[in-house]
Amino acid sequence: MLTLQDKAPDRSSSRLKLYDRNTSGNSYKVRLMLSFLELSCELIPVQLEEGRNKVDTAYFELNPRGQVPTLKDDDVVLWGSTAILMYLASHYDDARQWLPVEPVALPQTGQWLELAQNEISTGLFLARAVQRFGYAGDLAAAQIAGRRALEVLEGRLGQREWLVGGCATVADVACFPYVALAGEGGFVLADYPGVGRWLARFKTLARFVSMPGIGEAAPANSNYFHQATSLKS
Ligand SMILES: N[C@@H](CCC(=O)N[C@@H](CS)C(=O)NCC(=O)O)C(=O)O
């Protein structure tokens, strides 16, 4: 059986394929990581229709949830932003910056990945998705969960520059997009000054790329991505 260690990283060819959408914050997490690691990738856009992806049975074989993002790296297929971030950081980051390996820093990173998939997702993500893309959901409950996420982040970022240790990690990458997009969900970031400083700091990272709604340069400023035709439904 193939393990991550058995598979030698290969940056020479553009064999990475990412099924994504430019308005999807979960896909954007992966585009950020690809850019930080200077990995070339083919982007395959997946269209949205009435709040759901327009995908066929072939796509469900890649991703049984039918969501974006999905990453294909030769014979490795992964769905879900957390799994993809972990794969890219453990497989392609020779400096071991992005996914700490120390016995305490690693689970601390896991704590923030957990926040990203819980209050950030059920709060910041959902409030934006309901208001901007017509997703079904309880907006009032999403706004409560989203404020809770911002309070937890402020508790850390009011004191420290990064979520784990002294530099950016996958924890920051996983939390950044929906916090940066929180205004589209009706949240007021001025109430969270530490979070605001962290957002500004994150945008100064080398090879930072943006997405619609986040300001700074658009993804087109990156040399690492080339767009494929849309996935047929
Ligand atoms: N937990 C997943 C969530 C993925 C997700 O919610 N994807 C959204 C776009 S950001 C999607 O594909 N929505 C359309 C659908 O579910 O059909 C992750 O972190 O990747």
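Annotations
- Amide H to amide H, with H built 1.01 Å from N, residue 16 comes under 5 Å of 42, counting only residues 5 or more places away or on other chains.
- Under the Debye formula (equal points on every Cα, no solvent term), log10 I(q)/I(0) of segment 105-202 at q = 0.12, 0.21 Å⁻¹: -0.34, -0.98
- Convex hull volume of the C-alpha atoms in segment 50-90, normalised per residue: 68 Å³.
- Contour excess over end-to-end distance, with Cα ends at residue 190 and residue 54 and 0.36 nm allotted per residue: 45.3 nm
- With a Förster radius of 25 Å applied to the beta-carbon distance between residue 102 and residue 62, the computed FRET efficiency rounds to 0.15.
- Gyration tensor over alpha-carbon atoms, segment 1-148, equivalent ellipsoid semi-axes in Å: 27, 21, 12
- Using just its DSSP H runs of length 4 or more, each adding -39500 (n - 2.57), the chain gives a mean residue ellipticity at 222 nm of -12000 deg cm²/dmol after division by all residues.
- Computed over neighbours whose Cβ is under 13 Å from that of residue 99, the net charge equals -3, Lys and Arg +1, Asp and Glu -1.
- Computed lengthening from residue 38 to residue 148, 0.36 nm per intervening residue step minus Cα-Cα distance: 36.2 nm
- Of the residues 207, 31, 160, the one that moves most in a GNM of the chain with alpha-carbon contacts below 10 Å is 160.
The numbers here are math on the coordinates, done by the rules we state, and not lab data. Since we're looking at a predicted model, the values are computed, not measured. Glycine gets a Cβ as well: all are built from the backbone with ideal geometry, and neighbour counts include every protein chain shown.
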